[in-house]
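Trainee: After the structure tokens below, expect a handful of questions from me.
Bear in mind these aren't lab numbers, they're just calculated from the coordinates by the rules spelled out. Just so it is clear, the model here is predicted, and its values are computed rather than measured. Reconstructed Cβ throughout: ideal geometry from the backbone, glycine too, with neighbour counts over all protein chains shown.
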Amino acid sequence: MNCEHYRKQLSKQVDRDLDAALTEELEKHLASCPGCRSFRDGMEVLGRELQAVSERKPPTGLAERVKERVARERRRERVLLPAWTRAPLVAMITLAAVGLGNLAGRSIGTMLSSNGSDDSVEYTLTAQAPSFADVLSDNGSEENGQ
Amino acid sequence: MRDQGFLSDELLVKEARDGSEAHFNALVDRYTGLVYRVAFSVTGNAHEAEDVVQETFLRVFRNLDAFDSSKAAFKTWLLAICRNQSINVLAQLRRKAARFLTRPQFAEDRGNAEEEDFPHDQPDAEAVLLSKEQTQLVHKALTKLPEKQRTALMLKAVEGLSYAEIAQILKTSASAVESLIYRARSKILEEVKR
């Protein structure tokens, strides 16, 4: 094994990721290799220095500024979202209006045809396809076997 | 408002997805420091790091529904977003520096471009108490590392993440992370010894 192999092991040891057997093997090598001992000392100092370089606190109020920005985004989404939600709502209202209109038309037609006052109306009503209200309520007509 | 500090990330994410502002804010409180340190490690610039933190959480908010806890822990997902943002910022800084340094009057300073990319902030009190010169040497050496090596080293040495977690953030293997960290340490030691 060359020194580079052991130095890689040293890096893992600093990270507390070296198992016992490899640690023992590494210690044996270190006992006889001043170069790798120097490398280990350097890594320990480096570990402390990295902490010193990086133990920096975020600027005061950063978390609050992040929250405010996300809250603005949330509000913006709320303003935009109804545009999405309006479409299905309008569609539902339209369908309901069509359905009601259809029902109303049938009722009036039925009323007129029961009076027998206008043959052309009776013909039109009996010839028409199942109403939209029928489809929605899944009643179907007896003629189509439903 | 109830204290959310004791709740797991998973639960906070779930509630935040359902629209809870308080739970999302708890994630912000929990991770602002970490995201800031990682952003600073990558960009080397305090002002840019702050912008990265804001952008990162904004992206998290917008993409919370896309987060899949079966694929990654929230922390690693968050740090992967932070790293991507930081890399974008770093590229912008480098482009700006390149434009600046290619002006004739600054061409002679091009040799110091790497340091110019990473304006050094005032060292904090703890760094002053340690050997200021040594700390600055390490900082300078850090700025010279490739981004991937620097990020891997900082995530390990400072944040204590596992090789597997770092591998997820860097989209590489755990053994590649070991190697990145080893090379980063070796290069810094060589640089400091010079």
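Trainee: Only loop residues by DSSP count here, and only those with at most 13 other Cβ atoms within 10 Å; note down the GluC sites (Glu not before Pro) in the stretch A:25-69 that meet that. Don't skip to the answer; put the middle values down first.
Mentor: Details: sites: A:25, A:27, A:44, A:49, A:55, A:64, A:68; in loops: A:55.
Sparse-neighbourhood loop GluC sites (Glu not before Pro): A:55.
Trainee: Shifting gears a bit: For a 20 Å ceiling on Cα separation, which of these pairs sit above it: B:75/B:187; B:75/B:96; B:14/B:71; B:75/B:156; A:57/B:148; A:28/B:193?
Mentor: On the way: B:75/B:187 28 Å; B:75/B:96 31 Å; B:14/B:71 15 Å; B:75/B:156 14 Å; A:57/B:148 23 Å; A:28/B:193 26 Å.
Checking Cα-Cα distances, B:75/B:187; B:75/B:96; A:57/B:148; A:28/B:193 exceed 20 Å.
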